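S.K.: Here you go, one structure.
The values are calculated or read from the model by the stated rules, or taken from the named source; none is laboratory data. Values in this document were obtained by computation on a predicted structure and should not be read as measured data. FYI the Cβ positions are ideal-geometry reconstructions off the backbone, even for glycines, and counts take in every protein chain you see.
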Amino acid sequence: MDDIIEPPFQETYPTLFENFSEKAADESWFGMDDVEYCELPQIDLSRLHFWNLENDEDGSNSEDFDKCRKEMAVAASEWGFFQVVNHGIPQKVIKNMKYEQKKLFHQPFCKKAEESFMNLSANSYRWGNPTATCLGQFSWSEAFHIPHTDISRLDECNRTRSSIGLFATKAASLAQRLAECLGHNLGAKSSYFRDNCLPSSSYLRMNRYPPCPLSFDVYGLMPHTDSDFLTILYQDQVGGLQLRKDGKWLSVKPNPEVLIINIGDLFQALSNGVYKSIEHRVVAHSEVERFSAAYFYCPSHEAVIESFSKPAVYRKFSFKEYRQQVQKDVRATGDKIGLSRFLL
């Protein structure tokens with residue numbers, strides 16, 4: 001029994017799974033798998049290479065740069081999601097990260113659940129949802145939630161640290177680059193993100209979605225928006241990511257050759273609602289496991305989020321205040337309420 005890798009979801013949350021077949025009959029559960037696929041806007045980032053946002057006076061690729069920047073702005077406004085190629089993270093780096101990620105998750109559950117596992121801080125390993133009050137708030141998944149600066153503490157072996165750390169470092173550089181471009185369209189100085197979003201405030205979340213015998217009734221990851229500026233996501237070929245657009249759920253075609261970018265709540269507030277932080281979820285799979293890795297580009301707790309254009313839709317707030325409100329709402333209701341709490 002000690003070598004079982006799966007978290008004990010049903011044993012730990014028995015009341016949530018009682019009469020689950022009756023819950024499946026509720027019309028709110030219909031269509032979780034019967035969702036049409038969409039093609040996210042695809043943007044070639046090779047047009048951004050070697051370009052300095054602080055120097056717009058010259059450059060042979062300035063026209064391509066401007067076009068690329070505008071494509072990102074349109075995608076962020078109309079979809080809140082886009083996918084990128086030629087993003088600067090070599091496939092070998094992603095492949096090595098995936099290998100080490102799989103090794104971590106395939107450790108016995110009893111070992112992963114130890115507070116000192118891999119020398120990570122308490123609560124780095126997360127699974128299920130202890131605040132869920134109903135099946136619709138439960139996520140059939142497990143994750144390692146690691147602040148960027150804590151990756152160096154991983155102690156299994158140098159290869160684990162270096163593979164995961166290199167991916168995070170590359171993702172951090174890409175995130176800053178994308179944020180500066182998206183911010184440039186709003187009139188923000190590139191220094192805004194450099195000053196407020198340090199590696200110490202961002203984090204990597206490695207996810208595993210185990211095979212789920214109740215895949216028609218349980219989310220792999222419940223519907224939510226991200227509480228950051230933007231997220232860089234790698235997902236494998238299994239698929240399961242869905243986003244809500246124009247009141248309709250759409251499935252994102254898996255493509256391991258691209259990275260997916262999604263806008264978070266903070267960019268929606270910063271842009272005065274121009275960029276959209278879109279609700280998304282992961283559908284559980286009944287037979288195969290799924291892996292993904294997400295880099296969340298966050299500011300420091302003291303950073304102030306204020307709309308660049310006026311009249312402002314949202315009041316000014318700090319990231320610390322935003323996170324505290326989200327945590328308070330989740331504890332009270334089981335759900336995140338998010339930006340609507342900060343409307344003027």
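S.K.: Here are some residues: 204, 198. Which one is in contact with a Pro (Cβ under 9 Å, 6 or more places away or on another chain) and either aromatic (Phe, Trp, Tyr) or crowded, with 22+ Cβ neighbours inside 10 Å (or both)?
M.R.: 204
S.K.: Could you give every pair whose Cβ atoms fall below 7 Å, whose first residue belongs to segment 266-291 and is more than 26 Å from residue 342 (Cβ to Cβ), and whose second residue is of a type in the set (Val, Ile, Thr) and surrounded by fewer than 24 Cβ atoms within 10 Å (Cβ to Cβ), counting only separations of at least 6 or pairs across chains?
M.R.: Listed pairs, sorted by first residue: 285/238; 288/238; 290/238.
S.K.: From 320, 336, which residue is surrounded by 18 or more Cβ atoms within 10 Å (Cβ to Cβ) and either in contact with an Asp or Glu (Cβ under 8 Å, 6 or more places away or on another chain) or assigned to a loop (DSSP other than H, G, I, E, B) (or both)?
M.R.: After applying the criteria, what remains is 336.
S.K.: Contact list please: Cβ distance under 6 Å, first residue in segment 237-248 and modelled with pLDDT of 90 or more, second residue of a type in the set (Asp, Glu), pairs at least six apart or on different chains.
M.R.: Here the result reads 244/279, each pair linking segment 237-248 to a residue that is of a type in the set (Asp, Glu).
S.K.: OK, next. Looking at 152, 139, can you tell me which residue is exposed (fewer than 14 other Cβ atoms within 10 Å of the Cβ) and not hydrophobic (A, V, I, L, M, F, W, C)?
M.R.: 152
S.K.: For segment 222-246, which residues satisfy the criterion of being out of contact with any His (no Cβ under 9 Å at 6 or more places or on another chain) and assigned to a strand (DSSP E or B)?
M.R.: Correct list: 222, 230, 231, 233, 234, 235, 245.
S.K.: Answer yes if at least one residue in segment 228-250 is of a type in the set (Gly, Ala, Ser) and touching a Cys at 6+ places or on another chain (Cβ under 8 Å), and no otherwise.
M.R.: No, that holds for no residue.
S.K.: Filter segment 83-102 down to the residues that are assigned to a helix (DSSP H, G or I), in contact with a helix residue (DSSP H, G or I) (Cβ under 8 Å, 6 or more places away or on another chain) and not acidic (Asp, Glu) and list them by number.
M.R.: Across segment 83-102, the qualifying residues are 93, 94, 96, 97, 99, 101.
S.K.: Using the structure shown, decide if residue 219 is of a type in the set (Phe, Trp, Tyr), more than 14 Å from residue 40 (Cα to Cα) and either surrounded by fewer than 21 Cβ atoms within 10 Å (Cβ to Cβ) or in contact with a Gly (Cβ under 8 Å, 6 or more places away or on another chain) (or both).
M.R.: yes
S.K.: Further question: In the set 257, 306, 287, which member is closer than 22 Å to residue 136 by Cα and charged (D, E, K, R)?
M.R.: After applying the criteria, what remains is 287.
S.K.: Which of (1) in contact with a Gly (Cβ under 7 Å, 6 or more places away or on another chain); (2) at pLDDT below 90 is the odd one out, the single condition residue 161 does not satisfy?
M.R.: Just one mismatch for residue 161, condition (1).
S.K.: Please name all residue pairs, on different chains or six or more residues apart, with Cβ atoms under 6 Å, provided the first residue is in segment 64-82 and is without any contact (Cβ under 8 Å) to a residue 60 or more places away in the chain and closer than 16 Å to residue 277 by Cβ and the second residue is among the small types (Gly, Ala, Ser) and assigned to a helix (DSSP H, G or I).
M.R.: From residues that are without any contact (Cβ under 8 Å) to a residue 60 or more places away in the chain and closer than 16 Å to residue 277 by Cβ, there are no pairs.
S.K.: Kindly list the number of the only condition in (1) assigned to a helix (DSSP H, G or I); (2) buried (at least 17 other Cβ atoms within 10 Å of the Cβ) that fails for residue 299.
M.R.: Among (1) assigned to a helix (DSSP H, G or I); (2) buried (at least 17 other Cβ atoms within 10 Å of the Cβ), residue 299 violates only (1).
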